[in-house]
Amino acid sequence: MNDCIFCKIANKEIPTDFVYSDDKVVAFRDVNPQAPVHILVIPREHFDSALAVKDSSVWNSLLDAAVKIAKKFDLEGKGFRMVINTGEQGGQSVPHLHLHLLAGRNLGWPPG
Ligand code: AMP
């Protein structure tokens, strides 16, 4: 996707510090953090949203990376939240599949 900002980040066309990367996934800090730890975990491959994923190995890569990052950030003790906003009412603003990893404060429930 030529005009996708997260594809550009994954491809390093937009210089970004990755907190994690492997052959399938990259992760970086959210530009507008909603918690002391707010990391976006994205597949390198473009999917418009969760609905576009056909191969379950994408979920394996994404969730496995998110849990590794949570451990890297020492979040096992206090906990964390993983969120995938999907579509308009789901609050998705960037049309490239991404998982939010949030931590570092008490996260309210239900979310807004
Ligand atoms: P969502 O609303 O679930 O689609 O989340 C998109 C997230 O991407 C928001 O939390 C934005 O703050 C974040 N975001 C948008 N552009 C960038 C960027 N260039 N670098 C880091 N985070 C970004």
Check which residues have an amide H placed less than 5 Å from residue 26's amide H, if you skip close sequence neighbours.
42, 44
Report the calculated FRET efficiency for residue 2 and residue 81 (r = Cβ-Cβ distance, R0 = 22 Å), to the nearest 0.05.
0.10
Over the alpha carbons of the stretch 1-52, what is the largest minus smallest coordinate on each principal axis, giving the biggest first in Å?
30, 25, 21
Computed [θ] at 222 nm, helices only, for the chain once each DSSP H run of length n ≥ 4 contributes -39500 (n - 2.57):
-6500 deg cm²/dmol
Starting from 0.36 nm per residue, how many nanometres of slack lie between residue 60 and residue 32 once their C-alpha separation is accounted for?
7.4 nm
Of 85, 32, 60, which is the most mobile in a GNM of the chain whose springs link Cα atoms less than 10 angstrom apart?
32
With every protein chain left in place, what is the accessible area of residue 23 in Å² (1.4 Å probe, nearest 10)?
120 Å²
R0 = 30 Å: FRET efficiency of residue 11 with residue 71, Cβ-based, nearest 0.05?
0.65
May I ask for the angle, rounded to the nearest 10°, between helix 57-72 and the longest principal axis of the chain, with both axes built from Cα atoms and the value confined to 0 to 90°?
40 degrees
Rounded to two decimals, what ratio of Rg to Rh does the chain give with C-alpha atoms and a Kirkwood Rh?
0.94
Of 75, 97, 40, the most mobile residue in a GNM of the chain (C-alpha springs, cutoff 10 Å) is 75
In units of 2.2 N^0.38 Å, what is the alpha-carbon radius of gyration of the stretch 63-112?
1.24
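The values are calculated or read from the model by the stated rules, or taken from the named source; none is laboratory data. The model shown is predicted, which means the values in this text are computed figures rather than measured ones. Neighbour counts run over all protein chains shown; Cβ positions are idealised from the backbone, glycine included. Calculation scope for accessible area: heavy atoms of the full protein, side chains included, ligands and nucleic acids excluded. Shrake-Rupley method; radii C 1.70, N 1.55, O 1.52, S 1.80 Å.
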